[in-house]
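These notes are about the structure you will find just below.
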């Protein structure tokens with residue numbers, strides 16, 4: 001009912017990757033809960049104060065890293081994401097981009113870095129290299145793993161939050177556009193600005209707030225002012241309505257607010273990050 005022609009393949013692949021990574025997450029959580037105590041505990045503060053033998057800490061780190069690398073995703077555990085985004089309904093893509101993927105970055109910060117600092121010091125240089133490769137390969141970052149400085153980690157948290165809103169907004173706009181014109185390729189589009197000015201404005205608002213504006217503004221020029229006027233038959237050719245405007249504004253206003261006053265996000269995370277970093281450096 002929902003999704004593209006390969007939706008069953010993509011859904012199966014997504015479930016297998018997610019379930020497989022959850023097994024690693026469960027193993028790691030049980031290992032930490034059962035270690036060094038006659039009474040198992042999942043209390044985070046207790047686990048944060050627990051010390052582990054070096055080999056065991058590295059083992060825990062690898063287990064959690066695999067689980068969160070699938071969630072983010074980090075190459076080479078990323079192959080489920082293009083298939084899922086390409087075949088899923090845009091509402092599903094909004095949830096993936098806005099919430100699910102961010103859980104991987106959050107887990108790397110709160111679990112791998114906070115609970116396993118010695119192992120993180122060993123793996124962090126390799127994660128930096130993987131992150132750099134991923135930037136080149138997929139024009140995306142793996143926030144939260146490339147810096148242990150105060151400003152760097154605060155910036156990673158800010159990026160996680162802002163990218164969640166921006167990614168969800170772009171998928172929503174792309175999906176609402178597809179609902180109307182039933183076209184997915186840029187070379188088939190053009191001349192949409194006159195009949196769809198509200199969607200154009202919201203697209204420009206979203207595109208102007210990310211790191212690749214030149215490429216994406218070129219995309220918008222092709223879509224809305226291209227030489228091919230839209231003449232496809234049987235298309236739902238109407239502009240954004242109240243529903244689309246409400247969702248778009250709800251997603252874009254926080255992004256504008258973060259851009260104007262990022263200290264609001266910093267104020268929510270700075271105390272915890274300072275504590276995390278103090279514990280991290282104290283462990284060496």
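Remarks
- Verdict on residue 131 being assigned to a helix (DSSP H, G or I) and at pLDDT 85 or above: no
- Whichever residue in segment 253-284 is farther than 28 Å from residue 116 by Cα and surrounded by 15 or more Cβ atoms within 10 Å (Cβ to Cβ) and, among such residues, is modelled with the highest pLDDT: 254
- Among residues of segment 71-98 that are touching a residue at least 60 places away in the same chain (Cβ under 8 Å), those with a beta-carbon under 6 Å from a residue that is surrounded by fewer than 21 Cβ atoms within 10 Å (Cβ to Cβ) and in a loop (DSSP other than H, G, I, E, B) at least six positions away or on a different chain give the pairs 87/3; 87/4; 87/6; 88/3; 89/2; 89/3.
- Note on segment 230-252: residues that are loosely packed, with under 13 Cβ neighbours inside 10 Å, outside any helix (DSSP H, G or I) and modelled with pLDDT of 70 or more amount to 1.
- When each of 56, 108 is tested for being assigned to a helix (DSSP H, G or I), modelled with pLDDT of 85 or more and surrounded by fewer than 18 Cβ atoms within 10 Å (Cβ to Cβ), the lone residue that passes is 56.
The values are calculated or read from the model by the stated rules, or taken from the named source; none is laboratory data. Everything quoted here is computed from the prediction, not taken from an experiment. Glycine also receives a Cβ, built like all others from the backbone with ideal geometry; neighbour counts cover every protein chain displayed.
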